[in-house]
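For reference, the structure is listed below as structure tokens.
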Amino acid sequence: MTDKASETGLLERIRAGEKKACVECVEIHSPGIYRLALRLMRQEADAEEVVQETFLSAFKGIDRFDGRSDLRTWLYRIAYNAAMMRLRRAGPEEVSVEEAAEPEEGALIPRALMAWKDLPEEELEKAEVREELERAIRDLPEKLRAVFVMRELEHIPTDGTASALGISEDVVKTRLHRARLRLRERLAPYFALPAEEAGGNHGS
Amino acid sequence: MDHESCRTLLEGVSLFAEGEAPPELCAEIERHMAGCEHCRIVVDSLRRTIDLYHRLPQPAMPEKAREKLYKSLDLTEYMK
Ligand SMILES: [Zn+2]
């Protein structure tokens, strides 16, 4: 968490054109902006360009930052808009199939219903497991993806996420919920217990 | 499996899994879960899903990308 007073100080120095202040800002915020961009764009090279674009336009437009949100939220908004612009420009094939409509209520009803196994800490270090989790994020519809990344992975509060994405807090909550249910569904075949072990639960 | 009550439960299950559901909703969900294995599995695996993502190691920006970023911002001389 960046604290308010030091952020105000940093902003003043950036406005005054102090390069070291820009460096501080990049050091603090670029890792998170990069992770957001990476998960929105899918391609590393595109993500890198989104990060560059974000800081370029942030520093150029720093006078437009009104301090109503914190700096991080403002940067996320710029990054999100830059990413969306690129995706739109890249053409419809970059926008996921389910994008047109909000996912239907029916899609909420879980189907895969096996109990899940415990996953030891070292399992998560495995590239294969990480890749599966990242792939599941990439397969989310774009609207759910942005909310999930900001809320669950970047731990941005509901109000900050709402303001960065230009949606209401209720929509953030609904989308987060749907994203989680979809990810659960998507990951179930991978993390569920094999049928014979799960069978014990049914007492037969 | 497709009970009306399962559907209702599902709406609140995200809050419940985070421990943020209001007490009345919690009680309702717990009561339902006691008699519904389907929903017990859903809640448990949803919790595990959230937990997995909280534990997922975060990808870091490659050094090359960092260099390019500093260059594009004309900050290369300050790069550590
Ligand atoms: Zn149920």
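Values for this structure:
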read-out: Mean Cα-pair separation over length for the stretch A:107-194, i.e. relative contact order, pairs under 8 Å, 6 or more apart, %; value: 47 percent
read-out: For the stretch B:72-80, Karplus couplings with θ = phi - 60° (6.51, -1.76, 1.60), whole Hz, Gly/Pro x; value: 5, 9, 6, 10, 3, 5, 9, 5, 8
read-out: Karplus-derived HN-Hα couplings along the stretch B:21-30 (A = 6.51, B = -1.76, C = 1.60, θ = phi - 60°), whole Hz, x at Gly and Pro; value: 6, x, x, 4, 5, 3, 4, 5, 5, 4
read-out: Ascending count of other beta-carbon atoms within 10 Å, so fewest first, for B:HIS54, B:HIS32; value: B:HIS54, B:HIS32
read-out: Partners for A:LYS126 among lysines (Cα-Cα distance below 26 Å; same-chain residues under 8 apart left out); value: A:LYS117, B:LYS64
read-out: Amide H contacts under 5 Å for A:TRP116, placed H, 5+ residues apart; value: A:LEU193
read-out: At 0.890 mPa s and 25 °C, Stokes D of the protein assembly as shown from Kirkwood alpha-carbon radius, µm² per second; value: 119 µm²/s
read-out: Exposure proxy order (Cβ contacts within 10 Å, fewest to most) of A:MET150, A:MET114; value: A:MET114, A:MET150
read-out: Candidates B:GLU20, B:GLU28, B:GLU67: whichever shows maximal mean-square fluctuation once chain B is modelled as a Gaussian network with Cα springs under 10 Å; value: B:GLU67
read-out: Leading residue at positive end of dipole, the stretch A:107-194 (Cβ point charges), from A:HIS155, A:ILE137, A:PRO120; value: A:ILE137
read-out: Where Rh is the Kirkwood radius over Cα pairs, Rg/Rh for the stretch B:3-78; value: 1.40
read-out: Percent RCO, i.e. relative contact order, over the stretch B:1-78, from Cα pairs under 8 Å lying at least 6 residues apart; value: 24 percent
read-out: For the stretch A:171-176, 3J(HN,Hα) per residue [Karplus equation, 6.51 cos²θ - 1.76 cosθ + 1.60, θ = phi - 60°, Hz, x = Gly/Pro]; value: 5, 4, 4, 4, 5, 4
read-out: Isolated Cys residues of chain B, judged by Cβ distance under 4.7 Å to other cysteines; value: B:CYS6, B:CYS26
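Every number here is computed from the coordinates shown, using simple stated rules; none is lab data. Only a predicted model underlies this, so the values are computations on that prediction, with no experimental measurement involved. For neighbour counting, all protein chains shown are included, and Cβ atoms are generated from backbone atoms with ideal geometry for every residue, glycine included.
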